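Just below is one structure, and these are the notes that go with it.
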Amino acid sequence: MIGSALQVAAALRDWADRASALIPPEDRKVLLSPARLFRAFAKFAFLHRGDRVFAGDINARDPEIIHLFLDLFRIAGTHYFRTHTLGVENVPPSGPVLLVGNHNGGLVSIDSFLAGVAIADAHGAHRAPYALGHDVLFDDPVVRRYAAKIGILRAGHQSAELALRAGHTVLVYPGSDWDAFRPYRDRNKVVLAGRKGFIKLALRERVPIVPVLSAGSHEQFVVLTRGETLAKVTLTHRLARTDVFPIVLSFPWGITTGFLPYIPFPSQITIGFGEPIQFDGGPAAAENPQKLEECYQIVERRMQNELNAVVQVRNSLRTQGAPSPQTQAAF
């Protein structure tokens, strides 16, 4: 135990030295300050103009920064979240792929990075996915620069198309805020909220969908309510492009708004990559409402079944220390 703790401390010291060399002090002050990030969110809400937000540059990724973040989350995944991964071989080693996940953890989407670590370890860091992010990440110049360095693009078809047409993997969360802030009692439910834009994208670009399901990461904090009524009263959709005003229990803030970054509880995280789903696509199929609905129902059903299997694996890990062959077989 002591030896392991010393190894982790040494790894973190090495990582901090590398981070200090790559990220200037003035940038660290912004990136590591929850208060400044919250002020940036408030500024975005009240002063945002759509013409300042760009789709994103797929060539802006910085290999050194990507390796830095992958190494940090590899340490966190191994020693803090005790991550267990299933089926990463289902992600093709090359070619465009749309990864579709269940969204967890609110603003602190740890499982996104852990999924990226699993893919990078299996296929190389160049295969780490691009991810689509909220407009707020692109309003602040410092946050925007580092988001671009690690491959975060503005959520939207234009940016996703750029990455897919260049042969990359793209990670999307169709349920967005509705899924990311689902109440704690629904933590093991897939909530795509009827949003079919990802289906339209997959059909139009003729790319496979690989489901990515995570269990445990929605226990990093406790969502008490999405705050739908509060969101309507405070006009959050008009101000910040979100339909929720969540109230959560998180560390170290206690009961507060879900729009504040927090330190996640050390909940064990299990991630499963499902088998690719390929639909007959093309521009015509992407505009066919019946086709969209059929494909959506298939993906939603598959994702819920696979999440159920991931939850079973996680439960067996917690009770027996290892998943049973039956639960492993689901992937």
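Restricting attention to the range 278-297 and to residues that are among the aliphatic types (A, V, I, L, M) and farther than 20 Å from G95 by Cβ, the residue that is farthest from the chain's Cα centre (by Cα) turns out to be A284.
Would you list the strands (runs of 3 or more DSSP E) that sit entirely within the range 136-240 and hold 3 or more residues that are within 20 Å of N308 (Cβ to Cβ), of a type outside the set (G, A, S) and touching a helix residue (DSSP H, G or I) at 6+ places or on another chain (Cβ under 9 Å)? Talk me through it step by step, then tell me what you get.
Numbers: elements: 152-154, 169-172, 209-215, 222-225.
Fully inside the range 136-240 and qualifying: 209-215.
Scanning the range 124-135 turns up at least one residue that is closer than 27 Å to Q7 by Cα and either surrounded by 20 or more Cβ atoms within 10 Å (Cβ to Cβ) or charged (D, E, K, R) (or both).
Given F259, F265, which one is assigned to a loop (DSSP other than H, G, I, E, B) and either farther than 24 Å from A115 by Cβ or at pLDDT 95 or above (or both)?
Numbers: F259 fails: either farther than 24 Å from A115 by Cβ or at pLDDT 95 or above (or both).
Answer to the check: F265.
I need the full set of residues from the range 73-91 which are part of a helix (DSSP H, G or I), in contact with a helix residue (DSSP H, G or I) (Cβ under 6 Å, 6 or more places away or on another chain) and among the aliphatic types (A, V, I, L, M), in order please. Within the range 73-91, I75, V88 qualify. The residue that is farthest from H218 (Cα to Cα), among those in the range 241-277 that are under 19 Å from the mean Cα position of the chain (by Cα) and of a type in the set (G, A, S), is G274. Taking the range 154-206 as the range and being more than 13 Å from the chain's Cα centre (by Cα), over 20 Å from E287 (Cβ atoms) and without any contact (Cβ under 8 Å) to a residue 24 or more places away in the chain as the test, the residues that pass are R185, D186, A193. Summed over the range 101-135, the residues that are at pLDDT 95 or above and in a strand (DSSP E or B) give a count of 2.
Would you check if there is a residue in the range 283-292 being in contact with a strand residue (DSSP E or B) (Cβ under 8 Å, 6 or more places away or on another chain) and on the phi < 0 side of the Ramachandran plot? Spell out how you get there, then give the answer.
The initial filter retains those residues of the range 283-292 that are in contact with a strand residue (DSSP E or B) (Cβ under 8 Å, 6 or more places away or on another chain), namely none.
Scanning the range 283-292, I find no residue that is in contact with a strand residue (DSSP E or B) (Cβ under 8 Å, 6 or more places away or on another chain) and on the phi < 0 side of the Ramachandran plot, so the answer is no.
Which residue is farthest from L107 (Cα to Cα), if the candidates are limited to the range 238-250 and must be out of contact with any Gly (no Cβ under 6 Å at 6 or more places or on another chain) and modelled with pLDDT under 95? Steps first, answer last, please.
To start, the set of residues in the range 238-250 that are out of contact with any Gly (no Cβ under 6 Å at 6 or more places or on another chain) comprises 238-243, 249-250.
When the remaining residues are screened for being modelled with pLDDT under 95, the result is 238-243.
Details: R238: 19, L239: 17, A240: 14, R241: 14, T242: 12, D243: 15 Å.
Ranking the qualifying residues of the range 238-250, first place goes to R238.
Only one entry in V88, V97 is at negative phi, buried (at least 22 other Cβ atoms within 10 Å of the Cβ) and at pLDDT 95 or above, namely V97. For beta carbons closer than 6 Å, sequence separation of 6+ or different chains, a first residue in the range 243-271 that is under 20 Å from N102 (Cβ atoms) and a second that is among the hydroxyl-bearing types (S, T, Y) and part of a strand (DSSP E or B), the qualifying pairs are Y262/S250; I271/T85; I271/S214. Of the residues in the range 252-304, how many are of a type in the set (G, A, S), surrounded by 15 or more Cβ atoms within 10 Å (Cβ to Cβ) and within 28 Å of E228 (Cα to Cα)? Total meeting the criteria: 2.
Would you confirm whether or not the range 36-50 contains a residue that is touching a Pro at 6+ places or on another chain (Cβ under 7 Å), crowded, with 16+ Cβ neighbours inside 10 Å and at pLDDT below 95? Even if it seems obvious, please write down each step before you answer.
From the range 36-50, those touching a Pro at 6+ places or on another chain (Cβ under 7 Å) are 37; that's our starting set.
Filter once more, so that each one left must be crowded, with 16+ Cβ neighbours inside 10 Å: 37.
Those still in the list that are at pLDDT below 95 too: 37.
For the range 36-50, residues touching a Pro at 6+ places or on another chain (Cβ under 7 Å), crowded, with 16+ Cβ neighbours inside 10 Å and at pLDDT below 95: present.
Is there a residue being more than 16 Å from the chain's Cα centre (by Cα), closer than 17 Å to V311 by Cα and surrounded by fewer than 22 Cβ atoms within 10 Å (Cβ to Cβ) anywhere in the range 63-83? Looking for residues that are more than 16 Å from the chain's Cα centre (by Cα), closer than 17 Å to V311 by Cα and surrounded by fewer than 22 Cβ atoms within 10 Å (Cβ to Cβ), one finds at least one in the range 63-83, hence yes.
Can you spot a residue in the range 111-121 that is within 22 Å of Q220 (Cα to Cα) and among the polar types (S, T, N, Q)? Yes, the conditions are met somewhere in the range 111-121.
The values are calculated or read from the model by the stated rules, or taken from the named source; none is laboratory data. Bear in mind that the values here come from a model prediction, so they are computed numbers and not experimental data. Methodologically, a virtual Cβ is constructed for each residue, glycine included, from the backbone with ideal geometry; neighbour enumeration extends over all protein chains shown.
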